[in-house]
1. For the condition of a type in the set (Phe, Trp, Tyr), crowded, with 21+ Cβ neighbours inside 10 Å and modelled with pLDDT under 95, what is the one hit in Tyr58, Tyr87?
2. Pairs, please: C-beta under 7 Å, at least 6 apart or cross-chain, first residue on the phi > 0 side of the Ramachandran plot and in the stretch 212-231, second buried (at least 18 other Cβ atoms within 10 Å of the Cβ) and of a type in the set (Lys, Arg)?
3. Please state which of the following conditions Ala98 fails to meet, knowing it meets all the rest: (1) among the hydrophobic types (A, V, I, L, M, F, W, C); (2) buried (at least 17 other Cβ atoms within 10 Å of the Cβ); (3) closer than 29 Å to Gly249 by Cβ; (4) at pLDDT below 90.
4. Any chance the stretch 186-203 includes a residue that's under 30 Å from Val117 (Cα atoms), among the acidic types (Asp, Glu) and not in a helix (DSSP H, G or I)?
5. Looking at (1) part of a loop (DSSP other than H, G, I, E, B); (2) out of contact with any strand residue (DSSP E or B) (no Cβ under 6 Å at 6 or more places or on another chain); (3) not assigned by TED's automatic domain parsing to the domain that holds Phe267, which one does Pro169 not meet, given that it meets all the others?
6. Go through the stretch 330-347 and count every residue that is under 15 Å from Pro307 (Cβ atoms) and without any contact (Cβ under 8 Å) to a residue 40 or more places away in the chain.
7. What residue, among those in the stretch 217-229 that are surrounded by 20 or more Cβ atoms within 10 Å (Cβ to Cβ) and not aliphatic (A, V, I, L, M), is modelled with the highest pLDDT?
Amino acid sequence: MKDSSELKVAIVCDWLIGGGAERVVFELHQMFPDAPIYTSFCTDQWREQLNDKVITGYLQYWPFNKIRKFIPFLRGWWFARLDLSGYDLIISSSGAEAKFIKVTGASRAPSINPKHVAYIHAPTHYYWDRYNDYLKRPGFGIFDPLARLGLKLFVGPMRKWDLRAAQRPDVLIANSTHTQKMIKKYYGRESSVIFPPVDIDRFQTSSISSTPSKDRTGFVIVGRQTPYKSIDLAVLACTQLSLPLIVIGDGPDNQKLRNLAGPSVAFMANASDDDITNHLKSAEAFIFPGLDDFGIAPVEAMAAGTPVVAYKGGGALDYVIEGKTGKFFPEQTVGSLVKCLEQFNSLTFKEKDLIEKAQSFSQDRFRDNMYKLINNKSGY
């Protein structure tokens, strides 16, 4: 019987560019520092962060980064043909095609049955629950017509391939109870929930002090400005109520959001970590209007002692507790958010409660839960 520390492990992920999924890969790397990390594309920054353990294929060398996003069938083909021989355990971190890997016969040891544990961030959005949203607003700017054409041409066969691939892993892990339901709905499989890692300590060790509740002013939102994040709801609601709002981040919707914004809304495209920490620790609340699979930024806000105003759905249901860590608005409309903001009072929340809840999503908690699951279910 082997425990996870004795296993020869490989890590597989869709790509390494930047975001919540990459944080999962980083923590897996901390757990298994000798494990190679196979991916379709990796930035130089992430290659350095992962101690040059990253292995990429021909897709890494395509000349145009934008085009790379339109080739899920080539990513699927590359992952399905990876040579993973010699490993006892393969852990995939995927919201797209990394789970297409095949591990049958991967181990050279006749006594070992190689296992595939798949951490699922979501059933692939552009094939399943957000297919229509991607058709309406692909989020690729001038490349939108090409994205729509590709979706229409390939969604049928890619759905079938994605569904088949989702049956291969021995164990499925969902990043939230929302994702767990989506896995059951689209893949017909059960899964365990392990929440993704959030760098809670960053806000506890920061030299920036939290502003007392009575002195906090305005609202903040942080994230990549893409259509499904629904940041426009926050911009329009705060504009209508003339409430101060700081919008931190960038993305394809940036200019559209600026066009919608009134004088009470300000934008920061290149905020430093200290800038983000400062705004999170001084705002009345973090606004989270999207339907997200989990949502790391709102948990970071809670770690900074800031309550969350969230749409009542998706991953927010796992950490927003009405009246204790935040407040929900029931419909994804400007009117619903306006009504919620009119009733919101930051003085009713206790910083201690917010930080305590955020601690349950720490990096240590993630690693502990992953070790337990692997040791309990890998069968070694």
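1. It is Tyr87.
2. The qualifying pairs are Gly223/Lys229.
3. All conditions pass for Ala98, except number (4).
4. Yes - at least one qualifying residue is present in the stretch 186-203.
5. Condition not satisfied by Pro169: (2).
6. Matching residues across the stretch 330-347 total 3.
7. Checked the stretch 217-229; the qualifying residue modelled with the highest pLDDT is Phe219.
For (1) among the hydroxyl-bearing types (Ser, Thr, Tyr); (2) under 17 Å from Ser92 (Cβ atoms), each residue gets a yes or a no:
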| site | (1), (2) |
| --- | --- |
| Asp14 | no, yes |
| Gly20 | no, yes |
| Arg23 | no, yes |
| Phe26 | no, yes |
| Asp34 | no, no |
| Thr39 | yes, yes |
| Thr43 | yes, no |
| Arg47 | no, no |
| Asn51 | no, no |
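The values are calculated or read from the model by the stated rules, or taken from the named source; none is laboratory data. Bear in mind that the values here come from a model prediction, so they are computed numbers and not experimental data. In this analysis, Cβ positions are derived from the backbone assuming ideal geometry, glycine residues included, and neighbour counts consider all displayed protein chains.
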